[in-house]
Each structure stands twice: as C-alpha cells, then as structure tokens.
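Values quoted throughout were computed directly from the atomic coordinates according to the rules given, and no laboratory measurement underlies them. Since the structure is predicted, the reported quantities are computational estimates derived from the model, not experimental observations. Methodologically, a virtual Cβ is constructed for each residue, glycine included, from the backbone with ideal geometry; neighbour enumeration extends over all protein chains shown.
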Amino acid sequence: MKIKKSLFIILSLLLGSLLISCTSTEVKADNYIEYDYNNVKDEIIRFHVLANSDSKEDQELKLKVRDEVIKYLEPLLKNSKSIDESREILNKNNSKVINIANKVIKDNGYSYTVKTELKKENFPEKVYGNIILPQGEYEAYRILIEKAKGQNWWCVMFPPLCFVDVTKGEVAYEETEKRMEEALKNDGKKVVLEEGKEDIKMKFKVVEIFENIFSK
C-alpha cells in the first residue's frame with residue numbers, strides 16, 4: 001500500500017511538471033471553440049486505430065499502421081466536400097486500407113488480424129487542437145488490430161482534420177476552424193473563454209496520461 005501511495009505521489013509530481021511544460025509550449029490559441037453536439041453529430045466521421053494491447057510493441061505497431069493508412073487516405077479525403085462523399089471514399093477504399101494495415105503488420109513480424117468498421121460509436125468529450133467535440137454518438141471509421149484491447153489513436157476524418165498537424169500552433173488552429181466551418185451548415189459553435197483554456201487542457205491531459213499509465 002505504501003509503495004502504491006509513493007508511486008502515486010511521484011507520478012503526480014511528474015505529471016504536474018509535464019503539464020506545465022505542455023501548456024507553455026503547445027497552447028498558442030487565444031481560445032477554444034466548443035461545438036454544439038446537435039449541430040455536429042451527423043456531420044462528422046471520426047477515425048480510430050485500436051491496438052491489440054497496451055504493450056509498447058503493440059502501441060508502436062498501431063502508430064505505424066496509422067501513418068501508412070493516413071498517407072494513403074490523405075489525397076483521397078482532403079478535398080472531400082461532404083460527409084456522404086467521405087463515406088463513399090472510405091467504403092470504396094476499405095479493402096485497400098485493410099491490405100495496407102496487413103502489410104505493415106506483416107512487415108513488422110506480426111500475424112495479427114485486421115478488420116474495419118464504419119459505425120456509430122459513443123465518444124467522451126475530446127479536445128483536438130483548439131476544438132472541443134462534445135460527448136455523444138458519432139460515426140467512426142475504425143481499424144481494429146487483433147483483439148483491439150489497447151489504447152486507441154483518434155482524429156477527425158471528415159472534416160479532414162487528420163491531415164492538419166495540430167502541434168503547429170495558430171496556423172493549424174485556423175485551418176481546423178476553417179475546415180469545420182466549411183463542413184457544417186450551421187456551425188453551432190461557442191468560444192470558450194481564455195481564462196478557462198488552461199483548465200480545460202489540463203483536465204484532458206491529466207485524464208489521458210493517467211489512463212495510459214494505470215491501464216497497463
């Protein structure tokens with residue numbers, strides 16, 4: 001019990017310093033934009049890659065699969081004008097995506113199975129760059145590797161935000177906003193005040209880091 005308590009204190013201190021570092025280097029937007037769920041729930045396709053497990057090797061493999069799939073899908077999806085068009089592109093290229101994932105897995109010495117699905121899934125509230133997507137049910141294109149029991153990687157496939165590097169600060173933030181607004185008939189957005197920004201980012205950082213640590 002004492003060991004667990006000591007470990008928790010050490011991790012808390014480490015996380016505190018990490019959060020200070022992250023918020024000072026990553027956050028450059030003046031504010032966050034939170035979208036109304038009713039206005040976005042039927043206008044977004046999210047993208048998930050689920051690892052076989054939370055082992056270091058499986059998590060690294062997941063990211064390699066992600067990179068190759070995004071490399072293939074980017075030129076096909078980046079100019080999509082509607083969710084229907086994006087859905088059609090994904091369905092048309094689904095077999096190719098599976099083949100790409102299988103090749104990455106085989107090239108890295110594994111024999112894991114891969115399957116994909118395009119379906120409605122429930123998501124918690126998430127922050128992507130300076131955009132907040134509310135909790136709720138969204139359509140998602142998912143790549144499931146073997147048991148698909150590990151931590152997932154996610155982004156927004158339509159509007160095509162997967163292809164915006166959200167670590168690049170203001171330029172990327174402006175691009176995500178532009179793509180969201182172009183995709184939504186009624187953007188239904190509200191600006192989250194500047195003084196609440198750090199609290200929002202810290203909340204998500206702490207939750208995600210602790211989930212990653214204690215799920216293993």
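Spin-label model, ASN38 to ASN99: label points 7 Å out along the Cα-to-beta-carbon direction sit 4.5 nm apart.
Counting neighbouring beta carbons within 10 Å and listing from fewest to most, the residues SER95, SER86, SER80 come out as SER95, SER80, SER86.
Distance between the modelled labels on GLU57 and ILE89, one decimal in nanometres: 3.5 nm (7 Å Cα→Cβ projection).
Each label point was placed 7 Å from the Cα along the Cα-to-Cβ direction; for GLU182 and TYR110 their separation is 3.4 nm.
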